[in-house]
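One structure below.
The values are calculated or read from the model by the stated rules, or taken from the named source; none is laboratory data. The structure displayed is predicted, hence computed values, not measured ones. Heads up, the Cβs are rebuilt from the backbone with ideal geometry, glycines too, and the neighbour counts pull from every protein chain shown. Each accessible area value is taken on the protein alone, full model and side chains, heavy atoms only, with ligands, DNA and RNA left out. Shrake-Rupley method; radii C 1.70, N 1.55, O 1.52, S 1.80 Å.
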Amino acid sequence: EPLPESLEVDTKPQDMSAAKGGLVIFTANSNPSSRELGRRIADNISFPTETRVQIEESVRGKDIFIIQTVSKDVNTTIMELLIMVYACRTSCARNIIGVIPYFPYSKQCKMRKRGSIVSKLLASMMCKAGLTHLITMDLHQKEIQGFFNIPVDNLRASPFLLQYIQEEIPDYRNAVIVAKSPASAKRAQSFAERLRLGIAVIHGEAQDAESDLVDGRHSPPTVKNIGAIHPSLEIPLLIPKEKPPITVVGDVGGRIAIIVDDIIDDVDSFLAAAETLKERGAYKIFVMATHGILSSDAPQLIEESAIDEVVVTNTIPHEIQKLQCPKIKTVDISMILSEAIHRIHNGESMSYLFRNIGMDD
């Protein structure tokens, strides 16, 4: 059934009477083109805009599910979501469930020197706005669930990707599941065990930004030529890491290589892994990921690379990227989100959606 048109999200410029001599621009709601024209006019005169949400039917005592995918302007997307949640809260909705297939800022879930844990901040903002439940998919780190003080259902896209491998890759029995770094080994092992295939791990790549070297425990920086507080205390120095030359642990010669990961955004590491696998004798290379952000010139780089196919789900819109690169394929995961919404609304158990999923999956 089509979604009811009960929630109107619009943008209108702020009152700039102090800075613009009493100038205020309004846009009518009769036609989407008028709102777009108003937005363009405001942009041309450096007019800041704000999001306005108006609920056009009663939501009192109802379960409200807000579906929000991440657009190119991720910060606007987040603000829009928070305002929508708060509007439902102040309208006395019984439950407000956010359906956010890709949780933004999920890579910023660790302390990095004098940085911040942005995903923790975002979780706090969502809870403060009034969110009572979150449905998401393949969090970058499962521990992000602990940032929330509300229930979080972290669904998995792997059943859909596994089905794609079995149905769309005719000779997948001659494939090997590849982890492009040791950090992805658990995910690769999960795929390999379910498909009864071998596994290979690429080791020795360039230093990853998520390594221990950027952990917050290195802050504040060490100061040279300063000894311990007490002369008798000698704190042992941690030996710095040194990456070995790139090696592939596992046999990929004459086989199909399927690289698996949760997010594909900056494709440099995937391209380097594909080149390494080609040198080791792999004759076809597939990349499987849940979230296809594919920002910047990623489609063009994929099109010109040794990768034969990139398979992602529709947790993030990427229709423009598909037009730029025919190698990008999409797997629909709306079915599991629909089932989750149905079960939460009816108070049914969610364990059905987590069958055969272990702690390491």
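Summary of computed values
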quantity: Condition met for Arg89 (basic (Lys, Arg), touching a strand residue (DSSP E or B) at 6+ places or on another chain (Cβ under 8 Å), touching a residue at least 12 places away in the same chain (Cβ under 8 Å) and part of a helix (DSSP H, G or I)); calculated: yes
quantity: Residues (assigned to a loop (DSSP other than H, G, I, E, B) and more than 21 Å from Pro317 (Cβ to Cβ)) located in segment 92-105; calculated: Cys92, Ala93, Arg94
quantity: Enumeration of residues in segment 286-305 that are among the hydrophobic types (A, V, I, L, M, F, W, C) and either at pLDDT 95 or above or surrounded by 24 or more Cβ atoms within 10 Å (Cβ to Cβ) (or both); calculated: Phe286, Val287, Met288, Ala289, Leu294, Ala298, Leu301, Ile302
quantity: Of the criteria (1) in contact with a Gly (Cβ under 8 Å, 6 or more places away or on another chain); (2) within 24 Å of Gln68 (Cα to Cα); (3) open to solvent by less than 10 Å² (accessible area, probe 1.4 Å), which one Ala282 fails; calculated: (2)
quantity: Segment 78-112, subset within 26 Å of His342 (Cβ to Cβ) and hydroxyl-bearing (Ser, Thr, Tyr), residue surrounded by the most Cβ atoms within 10 Å (Cβ to Cβ); calculated: Tyr102
quantity: Filter result for Asp265 (surrounded by 15 or more Cβ atoms within 10 Å (Cβ to Cβ) and modelled with pLDDT of 95 or more); calculated: no
quantity: Selection from segment 173-188 of residues that are within 21 Å of Val331 (Cα to Cα) and open to solvent by 30 Å² or more (accessible area, probe 1.4 Å); calculated: Arg173, Arg187
quantity: Index of the failed condition, Thr136 passing every other in (1) within 25 Å of Ile264 (Cβ to Cβ); (2) of a type outside the set (A, V, I, L, M, F, W, C); (3) at pLDDT below 95; calculated: (3)
quantity: Filtered residue count, segment 28-60, keeping only those that are open to solvent by less than 90 Å² (accessible area, probe 1.4 Å) and at pLDDT below 70; calculated: 11
quantity: Condition broken by Phe160, with the remaining ones in (1) out of contact with any helix residue (DSSP H, G or I) (no Cβ under 8 Å at 6 or more places or on another chain); (2) open to solvent by 30 Å² or more (accessible area, probe 1.4 Å) satisfied; calculated: (1)
quantity: Of residues in segment 126-149 being open to solvent by 30 Å² or more (accessible area, probe 1.4 Å) and touching a helix residue (DSSP H, G or I) at 6+ places or on another chain (Cβ under 6 Å), the one nearest to Asn75 (Cα to Cα); calculated: Phe147
quantity: Of the criteria (1) under 17 Å from Val201 (Cα atoms); (2) open to solvent by 30 Å² or more (accessible area, probe 1.4 Å), which one Asp332 fails; calculated: (1)
quantity: The lone exception for Leu121 - which of (1) under 21 Å from Ala340 (Cβ atoms); (2) open to solvent by 70 Å² or more (accessible area, probe 1.4 Å) it fails; calculated: (1)
